[in-house]
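Data block below; observations after.
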Amino acid sequence: MINPPKATKAPDIKRKSILDWSVGTVTDYDSRRIVEDALKSSANMVLEQNGVIRPRPSLVEYGPQPNGEILGELFEFKVVSGTTSTFYLISMQSDGEDAYVYYCKGEDTLWTKIASKKYDASAPAHYVQVGNKVLIMNGVDALSYIDLDTTPWDITTFTKLTDPATPSAVATGLSGSGFVVYYAITANSSVGETAASTAASVTIGTDRDEWDSATQYVTVSWTAVTDATGYNVYMGTTTDGDGNPKMYLIKSNIDPTVLSFKDNGSQAVDISRPSPYTNSTEGPKTTRGTVVNGRVWLVGDTDNPYYVWHGGDYGHEIDFSPDGYGGGYTTVASGTKEVPIAVMPFRRGQGDSTVVVLTQGSNGSGRRFQISYSTVEYGGEQRVVWSPTEDSGRDGTDSPDAVVTYNNSLFYPSRDGFKTTGTMPSLQNVLSTRTISTTIRDQIALLKSSAMNKAVGLAYEGKIYWSLPVGATENNRVWVYYPDQKGAWMTSWFLNVKWMTLYNDNGGNTHFLLYCSDGKIYELDRATATSDDGTPFETDLSSGMVQFSKDGRDWARLIQIVFTFLKPKGEIAIEVEAMTEDGAMKYKQTLIPAEGYAAKGWSQVLGKGPRLVAWSTPGDPQESSQEYVDEIVEIDEDIQWFTYSIHTVKSGTDYKISSVVAEHVPIGIKDLS
């Protein structure tokens, strides 16, 4: 009798499933150390949904293109008339010899030039809208602005006042010697203050703190300054090491018709306001600014690098003189190597708003300061004093235009990585800083330190974008950080972006605009796939080693790998590298999904040109008709590990990689001796 063969149990097929890539790109770790929900590298990719990977949007020209090179910021401003708001863009455009301010609406065909004022042909410009004015700053030309209430729009500048002549100082009831008092005068304009006059001095026999206010005083007199709106008196009783008087504000905003002041010793000096040595009546020469609670703050004054200027109260927003309306300046880190270069609004853990100043030191270090106000009584007068307080740590930046506010935290690059500063739940009223770029530390080393002042940043829809100089003197990469997705990074987008901004067009749509080195303004758009202004761009993603045990020692019979693509179209190349007993082997194949059409649905933006919102017409080719495609790469080898990559080169290619599933039979440790 012949015994039939015994049935053998089919091997137990296991699945190793990679369902998301929420950790993003991890470039600093060796391939063997990278977790499975991360990528070793990526190019021109984004994270979407709950961790799926997709090619980035394409660049499509937006709005009227500039007449010349845009210097610095591309800025959105708003004009309000009754209940109607109209949005505009403003920029400084240079022809190489001169620069002029231009403005437009996104739906216009041309920019409008304001030809009444020339600006420096190479200085980057920045803007602030406050008090229905758009302030224009470039650090070379004095502050100017456009008054949005006056049409046609023009550039308003300020006329510089003459510095006052030396005043006279005559003592009464103070005969004798032993003490010297110094006095200087400044004149106010509608925007600033002159430099202090040469000091007058008077020798007296009684210390100022001991004067009888009724019988002992010094009368200070001066000559009028043409067009002055008021005068200020500075007083001091000591000198510095070089013999120069150290004087501080004792009386501000004296009526312009009054040309004398009686100091009877009862007025205290405001030690936060030393006598100025430069004339700001033409407007300060600042580079950047912000608005906090309706008050404008400016930094980057090339004449006074340690000054942080603050405008006046409502109705006097661009008055920086000490004329009683709250304007002036605060010195931050004066005389040190820490120079203020960025000023930002910030809300502390208690919910109150404050002003944060970042400084640039040396070797990539810097400091943070918070500026807050207090009411102080000087000689019976109540004065508001703005004072800086240094935060702990040395976390400044070389990149003032790359400082981004998101979810009540600051995000910014520094020499040793990207940082975030905010309040922690356990430290509600203390700002703390942590590094967010540990997983891409090797990429940080490639940033060109000398060009980091050109870096720019923008937060939008849960992502923070930075345009950076990677091994170059100009911005040539865009890195994307996902603060809401485990702090993931996607590097790199191969784009030469000089500025990024958001623009709300007058149809209610938001446009993510990028001004690039080719002199064009683009928006990120998915109306076309993998095509920047008609030129195809490549995309790529690569994994680390996918292993069959934590220690990487186990082997498996890898039957096949199933790549699941959502709504794929175009041509998608897949490559798998597997370590077999005979060494590494590569498996390549290309997915070309069946062509088809699918309606987009309601509220989808259609095509180029006017941004129509409607149900897409039959035959719209922008989405694949296939909801998903499983692409199978057959392996059928004993392997220890595998890696995979997905690459595209042609325009019109799009997909979302939803999962990578390795179907295998476990083997365990193999003896390869």
(request) State the label only: which of [x] 12; [y] 18; [z] 29 corresponds to percent of Cα pairs over 50 Å apart computed from the shown model? (result) [z]
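Fully extended, how many nm does the chain gain between residue 630 and residue 441 (0.36 nm per residue separation, minus their Cα-Cα distance)?
On the way: separation 189, 0.36 × 189 = 68.04 nm, distance 3.52 nm.
Contour length minus the Cα-Cα distance gives 64.5 nm.
For the chain, what is the accessible area per residue in Å² when the probe is 1.4 Å? Intermediate values should be presented prior to the final figure.
Details: 29850 Å² over 673 residues.
Computed with neighbouring chains in place, this is 44 Å² per residue.
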(message) Give me the net charge for the shell around residue 95: Cβ to Cβ below 13 angstrom, other residues only, Lys and Arg +1, Asp and Glu -1.
(response) -2
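Find the relative contact order for the chain and round it to a whole percent, using C-alpha pairs within less than 8 Å whose residues are 6+ positions apart.
Averaging sequence separation for qualifying contacts and normalising by length gives 14 percent for the chain.
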(request) Subtract the Cα-Cα distance of residue 392 and residue 588 from 0.36 nm times their separation in residues, and report this length gain in nm to one decimal. (result) 65.2 nm
(request) Using the charge dipole of the chain (Lys, Arg: +1 at Cβ; Asp, Glu: -1 at Cβ; taken about the Cα centre), state which of 563, 403, 471 has its Cα farthest towards the positive end. (result) 563
(message) Could you tell me how far the Cα centroid of segment 645-673 sits from the Cα centroid of segment 104-148, in Å?
(response) 53
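To the nearest 20 Debye, how big is the dipole of the chain about its Cα centre, given +1 on the beta carbon of each Lys and Arg and -1 on that of each Asp and Glu? Walk me through the numbers on the way to the answer.
Numbers: 57 positive and 82 negative charges, 246 e Å.
Charge dipole of the chain: 1180 debye, to the nearest 20.
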(message) Which one, 216, 23, 385, is farthest towards the positive end of the dipole of the chain when Lys and Arg carry +1 and Asp and Glu -1 on their Cβ?
(response) 23
(request) Give, as a single signed number, the net charge of other residues whose beta carbon lies under 15 Å from the beta carbon of residue 219, with Lys and Arg counted +1 and Asp and Glu -1. (result) +2
(request) Sort 395-408, 24-37 for me by packing, meaning the mean count of neighbouring Cβ atoms within 10 Å per residue, highest on top. (result) 395-408, 24-37
(request) Would you give the gap between the C-alpha center of segment 1-71 and the C-alpha center of segment 488-534, rounded to a whole Å? (result) 24
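Rounded to the nearest 500, what is the chain's calculated 222 nm mean residue ellipticity when only DSSP H runs of at least 4 contribute -39500 (n - 2.57) each, over all residues? List each step's numbers first, then the result.
Working: 1 runs with 4 residues, N = 673.
Only helices count here, giving 0 deg cm²/dmol.
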(message) Counting only protein heavy atoms and a 1.4 Å probe, tell me what percentage of the chain's accessible area is made up of carbon and sulfur.
(response) 47
(message) Please compute the length gained on full extension between residue 83 and residue 535, using 0.36 nm multiplied by the number of residues separating them and subtracting their Cα-Cα distance.
(response) 158.5 nm
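The values are calculated or read from the model by the stated rules, or taken from the named source; none is laboratory data. In this text, all values refer to a predicted model and were calculated from it rather than measured experimentally. Please note: Cβ atoms are built from the backbone with ideal geometry, for glycine as well, and neighbour counts cover all protein chains shown. When the accessible area is computed, the model is the full protein with side chains, heavy atoms only, and any ligands, DNA or RNA have been set aside. Shrake-Rupley method; radii C 1.70, N 1.55, O 1.52, S 1.80 Å.
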